[in-house]
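The values are calculated or read from the model by the stated rules, or taken from the named source; none is laboratory data. Computed from a predicted structure; not experimentally measured. Here Cβ is always computed from backbone atoms with ideal geometry, including for glycine, and neighbour counts include all displayed protein chains.
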Amino acid sequence: MKTVVITGGSKGIGSATCQRFLDDGWRVINLSRSPSSIAGVTQLEVDLAADDGVGSCHDALLGLVRDSDSICLIHNAGLLLKDSARDLDAESFRRALQVNVVAPSQLSRLLLPEMKTGSSIIFVGSTLAEKAVANSCSYVTSKHAMLGLMRATCQDLIGTGVHTASVCPGFTDTEMLRAHVGQDQGILDSLAGGVTFGRLIEPDEIARTIHFCALNPVINGAVIHANLGQIES
């Protein structure tokens with residue numbers, strides 16, 4: 001049995017990824033506060049923003065994965081706040097780092113002893129893992145840190161047969177993006193105009209990319225920019 005464990009699998013890219021792996025015959029376990037609406041997904045309610053969020057699902061998660069021939073752990077959940085270096089408060093910064101960096105580290109540590117050769121850890125990053133925009137300070141910082149975590153994980157897993165990759169989506173048409181821009185269609189159109197295809201990415205396009213990375217250890221340690229080709233100014 002092949003098992004995928006994904007965080008934030010109830011919406012957007014996460015939901016599309018759950019469906020992609022289910023269609024390929026994987027057992028899918030979603031860790032999130034809200035349940036997946038997709039039939040066949042096993043749900044564990046977890047608040048990754050809490051210090052003990054991962055610990056709260058420790059026994060249940062291990063019990064679900066122990067018979068797995070291979071495991072794909074997908075760090076997909078993300079917290080996107082509107083903030084800047086001028087006004088970022090410590091508590092909000094800690095919360096973003098907990099969801100986007102610390103919780104992935106905790107989950108990897110929990111599941112690595114159960115991950116056989118052929119398993120994988122896929123980090124869902126962002127274009128903002130290697131560049132920055134204004135008014136997203138905590139997100140930009142945490143996604144840069146997540147990329148470093150992926151690269152460090154690759155080096156620390158030498159000889160285990162477990163591979164890693166970071167999939168960095170561009171502007172994807174998700175609930176999170178629409179909420180971040182205040183449902184402003186003009187802003188969404190402007191974002192779409194910044195890529196060579198002139199449109200936003202569909203969540204399933206990222207799901208297919210994640211699925212490819214899970215199956216191909218040759219991309220170990222790689223950063224996959226899935227952004228439709230951003231127009232450089």
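So the values come out like this:
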item: Long-range neighbours under 6 Å by Cβ, at least six apart or interchain, first residue of a type outside the set (A, V, I, L, M) within segment 34-58, second part of a helix (DSSP H, G or I) and modelled with pLDDT of 95 or more; result: Ser36/Cys18; Gly40/Leu22
item: Residue, nearest to the chain's Cα centre (by Cα), within segment 24-57, restricted to residues that are of a type in the set (Ser, Thr, Tyr) and in a strand (DSSP E or B); result: Ser32
item: Meets criteria (in contact with a strand residue (DSSP E or B) (Cβ under 6 Å, 6 or more places away or on another chain) and surrounded by 14 or more Cβ atoms within 10 Å (Cβ to Cβ)) for Ser68; result: yes
item: Subset of segment 121-147 [more than 17 Å from the chain's Cα centre (by Cα), in a loop (DSSP other than H, G, I, E, B) and not small (Gly, Ala, Ser)]; result: Lys131, Val133, Asn135
item: Any hit, segment 159-181, residues being touching a Ser or Thr at 6+ places or on another chain (Cβ under 9 Å), closer than 15 Å to Ser108 by Cβ and either at pLDDT below 95 or part of a helix (DSSP H, G or I) (or both); result: no
item: The lone exception for His225 - which of (1) buried (at least 20 other Cβ atoms within 10 Å of the Cβ); (2) of a type outside the set (Ser, Thr, Tyr); (3) modelled with pLDDT of 95 or more it fails; result: (1)
item: Scan of segment 80-105 for residues that are closer than 20 Å to Ala222 by Cα and touching a residue at least 60 places away in the same chain (Cβ under 8 Å), ordered by number; result: Pro104
item: Given (1) within 16 Å of Ala145 (Cβ to Cβ); (2) modelled with pLDDT of 95 or more, index of the condition Leu81 fails; result: (2)
item: Test for Thr17: is it at pLDDT 95 or above, in contact with a Lys or Arg (Cβ under 6 Å, 6 or more places away or on another chain) and not in a loop (DSSP other than H, G, I, E, B); result: no
item: Positions within segment 106-120 being part of a helix (DSSP H, G or I) and touching a residue at least 40 places away in the same chain (Cβ under 8 Å), in sequence order; result: Gln106, Leu107, Ser108, Leu110, Leu111, Leu112, Glu114
item: Subset tally (residues that are without any contact (Cβ under 8 Å) to a residue 60 or more places away in the chain, touching a strand residue (DSSP E or B) at 6+ places or on another chain (Cβ under 7 Å) and not in a loop (DSSP other than H, G, I, E, B)) for segment 182-204; result: 2
item: Considering residues of segment 148-172 that are surrounded by fewer than 18 Cβ atoms within 10 Å (Cβ to Cβ) and of a type outside the set (Gly, Ala, Ser) only, the residue nearest to the chain's Cα centre (by Cα); result: Arg151
item: Test: Ser92 is of a type in the set (Ser, Thr, Tyr), in a loop (DSSP other than H, G, I, E, B) and over 26 Å from His225 (Cα atoms); result: no
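Residues are listed down the side, and each one gets a yes or a no for (1) touching a residue at least 60 places away in the same chain (Cβ under 8 Å); (2) within 30 Å of Leu22 (Cβ to Cβ):
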site	(1), (2)
Phe123	no, yes
Ala129	yes, yes
Ser136	no, no
Thr141	no, no
Thr209	no, yes
Phe212	no, yes
